[in-house]
Each structure stands twice: as C-alpha cells, then as structure tokens.
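The values are calculated or read from the model by the stated rules, or taken from the named source; none is laboratory data. Small disclaimer: the values here were computed from a predicted structure and weren't measured. All Cβ positions, glycine included, derive from the backbone under ideal geometry; neighbour counts span all protein chains shown.
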C-alpha cells in the first residue's frame, strides 16, 4: 500500500475503500493532516513548483465537501501533499473514478430536482385544498344558523302602517257606531232616554231613543 518514493505522505490511508464523495472528502482531509496541514497558499505554491495549478478557493471547497474536485485538481492536491509514487497516484485516481461513477448524471440530477419540486408543490396544493374545504364548511355552518334577512318595507307598507286602525264593532249592534243596549243610556227626568254615549268610539254626546218601560231605569237604545 505504501510506495517508498512518496515519502510515506499517505501511509495508512486506503484510497481503495473510497466509494462516495463523503469517503473521498474524509480521506483527503486525513491526507492533509498527515502532510502537516499546510496552508492553502503553501499548497498552491507547491502545486506550481510541481507544474500543477491549484487554486486556494478550489482546495477549500474540496476539503469542505462543497464541490466535487476534478481529477486534475485531485492529483495536484495529492502531489502537493507529498504523494509522488505513480502507483499511489493511480489508486487516488481510481478512487475518484468510483465516486464519479456513483454520482447521478446531470440529467438524473435535474430529474430528481424536478421530482422534488413537484412533490413539494403537490403537498402545498393538498394543504390549500384542505384549508379551503375547512373555511367553506365553517362558513356554511354559520350561514345555516343565521336568521334569514327580513325584506325591506315597501312604500305601500309604510303608508298602510300610518293609517288608523279600524274601530271594533260593539257586539250585538248593526253598525260600527252602535253600542251595547242598556249600557249607559238611562231614562232622564224629562221622560227621554238620553246620555253621553261614552261607549261610542268617537266619544261624542248623542241622543238615545228606543222603547222600554221608563220605570225600569233603562231603555233599549241605539245611537241616532
């Protein structure tokens, strides 16, 4: 596993165990630690001395797992950390190939992103439908318990309400001005049946006339 020509920079590390990008990131960080954790500037300078190009920002993204490095970046980083043996470099390259093969293609990534977006939209749509149904049910229940609105009175209704109520007829008489016999009409001292007809709805004074026995103190009458 160890090539004497590489100065034992990656001793104890096993690139053959790498299967995922997470595995590769972990192993690259271990290699960086075993190399003495050189700064990004030092790594970039060493890469230039080796004839490679290694941007500091690219190395930072690679070690943090933000970006999958290209094979050239991987080789430049491993060489800058002291791995120089051809066989060891080949093992790191094979590790990169395995990770790259296990990653979804750009087309699959786009399909997955679309599926995820559609799933979220579907969940949101279902939530909105449930909310709308709940609001509709609550509104319908409140409407059923509310009293029906009363129609506004028309001009005819308002005029009718201002008219005087008809006077009730006195029981047993043929007209509205008739009143109950023997109620208030009495024989007077002059022999006439006369009284103030307070039973008359108009409250007016009227003469009483009719027949009967004067001594009886009352007479059968009706308003003249």
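Exactly one residue out of 58, 46 is within 19 Å of residue 10 (Cα to Cα), in contact (Cβ under 8 Å) with a residue 12 or more places away in the chain, surrounded by 15 or more Cβ atoms within 10 Å (Cβ to Cβ) and assigned by TED's automatic domain parsing to the domain that holds residue 10: that is 46.
Checking each residue in the range 63-95 for being more than 21 Å from residue 12 (Cα to Cα) and assigned to a helix (DSSP H, G or I) picks out 64, 71, 72, 73.
Among the residues of the range 96-103, are any within 30 Å of residue 15 (Cβ to Cβ), at pLDDT below 80 and assigned to a loop (DSSP other than H, G, I, E, B)? Yes - at least one qualifying residue is present in the range 96-103. Take residue 24 and decide whether it is over 19 Å from residue 103 (Cβ atoms) and surrounded by 13 or more Cβ atoms within 10 Å (Cβ to Cβ). Spelling it out, it is not the case that residue 24 is over 19 Å from residue 103 (Cβ atoms) and surrounded by 13 or more Cβ atoms within 10 Å (Cβ to Cβ).
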